[in-house]
Amino acid sequence: MILTHLSVRDYRNIPAAEFSPGRELTVICGQNGQGKTNLLEAVWMLTGGKSFRGSKDAELIREGAGFAVLEGVSQNQTRENNIRILVADASAGKKGRSARVNGVDRGRASSIAGTFTAVVFAPGHLSLVKGGPDGRRKFLDAALCQLYPDYIKLLRSCTRLTAQKNALLKQYYQTPDAAELLDVFDEKLADAGTQLSLRRQAYLAQIKPDILSIYRDISNGKETLEVQYEACFTADEPLLERIRAVRGRDLAAGFCTVGPHREDFSLFLDGRDAKSFASQGQQRSAVLSLKLAEAAGAQKITGEHPVMLLDDVLSELDDARQAYLLSRMEHRQTIVTACDASLFAKTDGKVYRMESGVLSEC
Ligand SMILES: Nc1ncnc2c1ncn2[C@@H]1O[C@H](COP(=O)(O)OP(=O)(O)OP(=O)(O)O)[C@@H](O)[C@H]1O
Ligand SMILES: [Mg+2]
């Protein structure tokens, strides 16, 4: 998968930009606060209209403009796609984020997931190691959504059922036939939740050998990373049994305390919990291992290597780790941002400069 061109209009601090990345490495350089991450985020938006910084519609539209438009041309082994993402401010009563692919209206931008595939690393993703389980679940869910369109439906159904059950738990004593209703929710949640969890477990098991070997290579064979999924049920205790067993606790808490929405996976560095043990550079290496393994997994599953989007990736890494990463960027389309373009001097990447939202090719 490659991006051949992106036109940006009124996105963040970028009034208008034309970006034609190379087939391998492209560097977007510039000083702090100039719009490098904004451009990388604009590329990521083509994967399904989501920001990797979790921003609201209005924040994506350039101040003073009515809407933002991103038009990308992607190419995979079999075809070229023209993807157009329009961002309007849904909170102002407009349509929000919508997409067109090859001129055909596809409705909500999230519906085009899988059309253009990318893997993004942003400094905020360091929370994959240090932060709460939510970020780790999102990592698995986002990867699965890009790979399998039916996974989005399963995820939405679990999220909806959990929200509905939470509402019932809060109103339990005021709701007629609440116990029977709760039985119905429990069965539906156990069924959908088991499917969701098994999909996540299978995916993590599939990319795990790559996660471990990439980490071993980044650290030059000096450290080992281990990954362990923490499922919401076991072979001995199926999800329905577990949910039934905690009904009293759920009622007291007013929300579902067991289910796929509470799952997690642990990362161990040389046998110790990476959350409390890993240094800054080691955390970065662990997150990069997850992201590079996600890309390698996508290539194995779909035959297409996703475009790599790496925001400020080399900082905090020692020379050996930087050299390893630069070597991984060969032969795959990779777009990186950097304040210091000299870090990429030894590569023959294409270089763009971003200054106050204005992009120019060097
Ligand atoms: N909707 C918007 N309208 C106008 N400007 C915006 C909007 N959203 C963000 N900006 C501005 O975009 C600027 C650049 O942001 P960006 O994160 O891309 O910088 P950067 O070049 O990646 O910097 P750094 O090197 O510090 O990471 C910020 O100063 C921010 O104020
Ligand atoms: Mg930035």
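Per the helix-only calculation at 222 nm, which mean residue ellipticity applies to the chain, given -39500 (n - 2.57) for every DSSP H run of n ≥ 4 and division by its residues, nearest 500 deg cm²/dmol?
That comes out to -13000 deg cm²/dmol.
Which residue, Ser279, Thr347, Ser91, has the largest displacement toward the positive end of the dipole of the chain when charges sit on each Cβ (Lys, Arg +1; Asp, Glu -1)?
Farthest along the dipole direction, towards plus: Ser91.
Measure nothing but the geometry: give the 0 to 90° angle between the long axis through the Cα atoms of 36-45 and the longest principal axis through the Cα atoms of the chain, rounded to 10°.
Taking Cα atoms only, the helix is inclined about 50 degrees.
Just to confirm the number: angle between the C-alpha axis of helix 178-218 and the first principal axis of the chain, 0 to 90 degrees, nearest 10?
40 degrees
Anyone know which of Ala65, Ala274, Ala231 comes out most mobile in the 10 Å Cα GNM of the chain?
Looking only at Ala65, Ala274, Ala231, the biggest GNM fluctuation is shown by Ala65.
For region 204-362, what is the Kirkwood estimate of the hydrodynamic radius, computed as the reciprocal of the mean inverse distance between distinct Cα atoms, to one decimal in Å?
Every distinct Cα pair counted, the radius reaches 18.6 Å.
So what is the diffusion coefficient of region 221-272 in µm² per second by Stokes-Einstein at 20 °C and 1.002 mPa s, using a Kirkwood Rh over Cα pairs?
Roughly 165 µm²/s, to the nearest whole number.
So what is the relative contact order of region 126-303, in percent, for Cα pairs below 8 Å that sit 6 or more residues apart?
33 percent
Which whole-angstrom value gives the distance between the alpha carbon centres of region 18-68 and region 293-326?
Computed from Cα coordinates, the inter-centre distance equals 19 Å.
Can you give the local net charge around Gln146? Use residues other than it whose beta-carbon is closer than 12 angstrom to its beta-carbon, Lys and Arg +1, Asp and Glu -1.
Taking every other residue near Gln146 into account, the sum is -2.
Within the set of other residues whose C-beta is less than 10 Å from the C-beta of Pro260, count the net charge using Lys and Arg as +1 and Asp and Glu as -1.
Cβ neighbours under 10 Å give a net charge of +2.
Once you wrap a convex hull around the alpha carbon atoms of the chain, what is its projected area averaged over all directions, in nm²?
For the Cα atoms of the chain, the hull's average projected area reads 19.8 nm².
To test your reading of the geometry: what angle, between 0 and 90 degrees and rounded to tens, separates the Cα axis of helix 149-170 from the longest principal axis of the chain?
Tilt relative to the chain: about 50 degrees.
Considering only DSSP states other than H, G, I, E and B, which GluC sites (Glu not before Pro) in region 240-339 qualify as loop sites with at most 13 other Cβ atoms within 10 Å?
Glu330
Counting each pair of different Cα atoms once, what's the Kirkwood radius of region 72-189 in Å, rounded to one decimal?
Kirkwood hydrodynamic radius for region 72-189: 17.7 Å.
Of Met308, Met329, Met45, which is the most mobile in a GNM of the chain whose springs link Cα atoms less than 10 angstrom apart?
Met329
At R0 = 25 Å, how high is the FRET efficiency between Asn82 and Gln206 if r is their beta carbon distance? Nearest 0.05 is fine.
0.20
With every atom except the alpha carbons ignored, what do you get for Rg and Dmax of region 126-303, in angstroms?
18.3, 63
Using the per-residue mean of other Cβ atoms lying within 10 Å as a proxy for protection, in what order, highest first, do the peptides 33-43, 166-176 fall?
33-43, 166-176
Using the Karplus equation 6.51 cos²θ - 1.76 cosθ + 1.60 (θ = phi - 60°), what ³J(HN,Hα) coupling, rounded to whole Hz, does each residue of region 324-333 give in order, writing x for Gly and Pro?
So the Karplus estimates, Gly and Pro as x, are 4, 5, 4, 5, 5, 7, 6, 6, 9, 5 Hz.
Between beta-carbons, use under 12 Å as the cut-off and find the net charge around Asn38, counting Lys and Arg +1, Asp and Glu -1.
Combined, the nearby Lys, Arg, Asp and Glu give 0.
FYI, it's all coordinate maths here, none of it is from the lab. Note that the structure is predicted; figures quoted are calculated from it, not measured. Every residue, glycine among them, receives a Cβ derived from its backbone with ideal geometry; neighbour counts consider all protein chains shown.
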